[in-house]
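In what follows, a single structure is set out as structure tokens and then discussed.
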Amino acid sequence: MEVLATAAEGTADLLAEECRELGLTIVHVRRDGVVLDLNTKATAKALVHLRIATRLLLAVDDCFSSDAEDLYRSIRQIDWRRWLDDRHTIAIHATGALPGSPEAPSRRGRAPRGPGIKNHVFAAQKAKDAICDQLRNRIGERPSVDLEDPDVRVVLRFRGDRCGVYLDISGEAMHRRGYRVDMVEAPLKETLAAAIVRAANWDGKCPLLDPMCGSGTLIIEAVMLHLGIAPGAMRDFAIERWPHHGQSLQALLEKEREQAQHDAKEAIANAQLPSVVAADFDRTALRATRTHLERVGLDKLVEVSRVNARRMDAPPAGTMIVTNPPYGERIGGKDVTDLYRDLSHHWAPFEDLDLHILDGHEGFIGAFGYQPVEELALRNGPLHVRLLHLRMDESFKLQDPPVANPTL
């Protein structure tokens, strides 16, 4: 079956890498994810082991949808008895560029003949009507709608006058691993953190440090990746509740989860890691980090330390720093560029640092004072960000070096 593994902006190629490593069959890579050809066993493997995918969506149809009547007609022509019955609840979610919107791809097609598709809520309502009308006509009853916790979620992904129709296999977004319970301000999603640490390519040999760790997500995802700890071993998936597919796949998923949990225990017991430190100055963040490390079983492998990143002691030579500093958008305030200058001034003497910094502030490079070796454009929620790979040596230093703020 054809499955779309969706990915956050900028992470599709990284997702494709991990799909290949898992032995999953790739049909093609798109900007919004990776199209896979999966049997039921491979689907269970993908759900339990993929780190960067945000959702797994089963492709049902790709239909014409220039107006509301086209959408209704196309959705009603699909035989929904293959996946739905009247005893299980449904919800419809619509996203993407609606026909006639500025974001829609331009193509010559049939002009709309009926009412336009006003918004995503209207599109979802129209699709729900089509599904319920068809099932009522064919089996005499219709499924109930549950917007909060449906058994089956239908996803419409619009591309102008074309609409991809999918069923959400994963259910809750796949960044919900099951280990994060304590929230801190502006948390980083686990799927994006997994993409960042994969791009940073930590080999488990050099020391690893996040001096502004928040709830510890980057460090946890880095160690999980290195030890091969499956991200989906602690959670359930929507497809297990489907009327006609859930039971057979549930057995495969249970077996996959049990094996993943067994492998994780062995990997943790036999782990030989260098210094791995999750640090922050905020005590609430450190409490959250400790809780999350304990839930994954990594609390004996990772040191948690209260550190002011502007004043911290020199880490071991060759340390990789992977961190997500304040951007000034939600935390950090007006002095955020002073923070960047202070970090640069204080870290410059440290020996052979390998820096991977998630930058969401347009003034970061100028304030930090070094050109990146390379950068990767990403998206953190609504924010456009960049993952910067930096080396603090003279060949990358800007002409006007940053000056530390003596008042801080």
Could you please tell me which pairs satisfy a Cβ distance under 6 Å, a separation of 6+ or placement on different chains, a first residue in region 97-123 that is in the same structural domain as residue 163 (by TED's automatic domain parsing) and under 24 Å from residue 32 (Cα atoms), and a second residue that is at pLDDT 75 or above and polar (S, T, N, Q)?
-> 99/66
Given the conditions (1) out of contact with any strand residue (DSSP E or B) (no Cβ under 7 Å at 6 or more places or on another chain); (2) farther than 23 Å from residue 374 by Cα, every one holds for residue 190 apart from (2)
Looking at region 55-71, which of its residues are crowded, with 18+ Cβ neighbours inside 10 Å and either out of contact with any Leu (no Cβ under 9 Å at 6 or more places or on another chain) or at positive phi (or both)?
-> 66, 67, 68, 70
Within region 56-78, is there a residue that is in contact with a His (Cβ under 7 Å, 6 or more places away or on another chain) and at pLDDT 90 or above?
-> no
Filtering region 155-178 for residues that are surrounded by fewer than 22 Cβ atoms within 10 Å (Cβ to Cβ) and either at pLDDT below 95 or in a loop (DSSP other than H, G, I, E, B) (or both) leaves a count of 7
Go through region 344-381 residue by residue and tally those that are outside any strand (DSSP E or B) and closer than 18 Å to residue 194 by Cα.
-> 2
So residue 229, is it farther than 30 Å from residue 151 by Cα and either buried (at least 20 other Cβ atoms within 10 Å of the Cβ) or among the aliphatic types (A, V, I, L, M) (or both) | no
Residues satisfying the stated conditions in region 195-223, i.e. crowded, with 24+ Cβ neighbours inside 10 Å and in a helix (DSSP H, G or I) | 195, 196, 197, 217, 218, 219, 220, 221, 222, 223
Being aliphatic (A, V, I, L, M) and at pLDDT 95 or above, is that true of even one residue in region 99-116?
-> no
Restricting region 136-154 to residues that are surrounded by fewer than 19 Cβ atoms within 10 Å (Cβ to Cβ) and closer than 14 Å to residue 124 by Cα, the one nearest to the chain's Cα centre (by Cα) turns out to be 147
Condition met for residue 313 (of a type outside the set (Val, Ile, Thr) and surrounded by 15 or more Cβ atoms within 10 Å (Cβ to Cβ)) | no
Considering only region 75-103, state which residues are in contact with a strand residue (DSSP E or B) (Cβ under 6 Å, 6 or more places away or on another chain), farther than 23 Å from residue 172 by Cβ and surrounded by fewer than 19 Cβ atoms within 10 Å (Cβ to Cβ).
-> 78, 97, 103
The listed residue being more than 23 Å from residue 199 (Cα to Cα), surrounded by 20 or more Cβ atoms within 10 Å (Cβ to Cβ) and either modelled with pLDDT under 95 or under 22 Å from the mean Cα position of the chain (by Cα) (or both), out of 339, 408, 387 = 339
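The values are calculated or read from the model by the stated rules, or taken from the named source; none is laboratory data. A quick note: this is a predicted structure, and the numbers were derived from the prediction, not measured. Heads up, the Cβs are rebuilt from the backbone with ideal geometry, glycines too, and the neighbour counts pull from every protein chain shown.
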